[in-house]
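Beneath this line is the structure, given in structure tokens, with notes to follow.
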Amino acid sequence: MRIVVTGATGNAGSALVRAFRGSGVEVVGLARRLPETSGAPFDEADWVACDLLADDADRVLRSVLHGADAVVHLAWAVQPGRDDQPMRRANRVGTSRVLRAVAAAGVPHLVCCSSVAAYAPAGNRAVDERWPCEGIPGSNYSEDKVWLERTLAGFAPSGTSVAVVRPGTILQPAAAGEFGRWLLGPVLTRVLRRRWPVPLPFWAGLRGQVVHADDLAAAFRSIVDRRATGAFNIAAAPVLTAPDVAEAFGAVPLQLPKRVVTTAARASGRLGLHRLHPGWLAVADQVVLMDTRRARSTLDWRPRHDAIAALRSVVDGLVRGSGQATAPLAA
């Protein structure tokens, strides 16, 4: 079997390369910036440099995807900047090029990574894969995932079956450097490493789901091995609350009105105290809870890491300054 993985050096991609290592499956990793390949987990894969926005991307994709048994599309820009258009262009133009190449090469199986953020708000009840993917207002990341879902719904080349995975927040120690750059910034990273007990403000009802990257990779591998199709919710138990997060970070939970927390977060972000984009506040407030029974029954998927252990692994990675030998995951 020959599998092509886009975004193979990122958080989910590196875990998937690791999951296939030693399996006998030929893995071709596509990345804008190639990793160090002298050691695990990147030493067994074949690597191709491919910037999905470059002028030669279509040519490179047609060549690499020829003869592939499956494509797992994980290349995705996550963190918006001051101008959200570069992120949107990377996600939509890049994905469109991958889909065109999949259709042209006649790849029999396409697997794409969406997100829990693609779902419309649903209150506190858990939803299965039939819940509408209408997104969360105020989040450009969510809007891009809704675009992906709708594009895949209309993608029907002859002979290509499609699966879409909707995970919660993807966590692993190797991604600690990435999360530090995206969310904390240098000030809060320094505070965390010194284990100073600082207040963590939150509003009532704040909760969310996460999954360890290795458990997500196991779901992807099961989808590829079984040639599974359709959508799959992927998340570990239990559902995390703000006090759970505060305990993992060694912070003091401080419940306040939502308006106070969001206003303070935006103001402190403008002062450079952290790098949390305001769009993530909207996601945190309105994200759904997912029912994962379809993945458990269809894929025989069981996470090896519970949600609290996954969260603590990233916090430990932040304290130690962990990372991985790739540009996205560098310490």
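Within the stretch 219-260, work out how many residues are of a type in the set (S, T, N, Q) and at pLDDT below 95.
Let us first name the residues in the stretch 219-260 that are of a type in the set (S, T, N, Q), namely 222, 229, 233, 241, 255.
Remaining after also requiring at pLDDT below 95: none.
So the count comes out to 0.
For residues in the stretch 70-126 being β-branched (V, I, T) and outside any strand (DSSP E or B), which is farthest from A15 (Cα to Cα)? Before you say what the answer is, go through the steps one by one.
Within the stretch 70-126, the subset β-branched (V, I, T) is 71-72, 78, 93, 95, 98, 102, 107, 111, 116.
Next, from what is left, pick out any that are outside any strand (DSSP E or B): 78, 93, 95, 98, 102, 107, 116.
On the way: V78: 17, V93: 25, T95: 20, V98: 21, V102: 23, V107: 23, V116: 19 Å.
So the residue we want is V93.
For the stretch 40-48, state whether one or more residues are under 17 Å from A330 (Cβ atoms) and of a type in the set (D, E, K, R).
Among the residues of the stretch 40-48, not one is under 17 Å from A330 (Cβ atoms) and of a type in the set (D, E, K, R), which makes the answer no.
Which of the numbered conditions does E36 fail, given that it passes all the others? Conditions: (1) under 19 Å from V146 (Cβ atoms); (2) of a type outside the set (A, V, I, L, M); (3) at pLDDT below 95.
Of everything listed in (1) under 19 Å from V146 (Cβ atoms); (2) of a type outside the set (A, V, I, L, M); (3) at pLDDT below 95, E36 misses just condition (1).
Of all residues in the stretch 219-260 being free of Cβ contacts under 8 Å to residues at least 12 places away in the same chain and loosely packed, with under 14 Cβ neighbours inside 10 Å, which is nearest to A307 (Cα to Cα)?
D225
Any residue in the stretch 195-218 that is closer than 25 Å to A331 by Cβ, without any contact (Cβ under 8 Å) to a residue 60 or more places away in the chain, basic (K, R) and surrounded by fewer than 16 Cβ atoms within 10 Å (Cβ to Cβ)?
Within the stretch 195-218, not a single residue is closer than 25 Å to A331 by Cβ, without any contact (Cβ under 8 Å) to a residue 60 or more places away in the chain, basic (K, R) and surrounded by fewer than 16 Cβ atoms within 10 Å (Cβ to Cβ).
The values are calculated or read from the model by the stated rules, or taken from the named source; none is laboratory data. Remember, it's a predicted structure, so these values are computed and weren't measured experimentally. Reconstructed Cβ throughout: ideal geometry from the backbone, glycine too, with neighbour counts over all protein chains shown.
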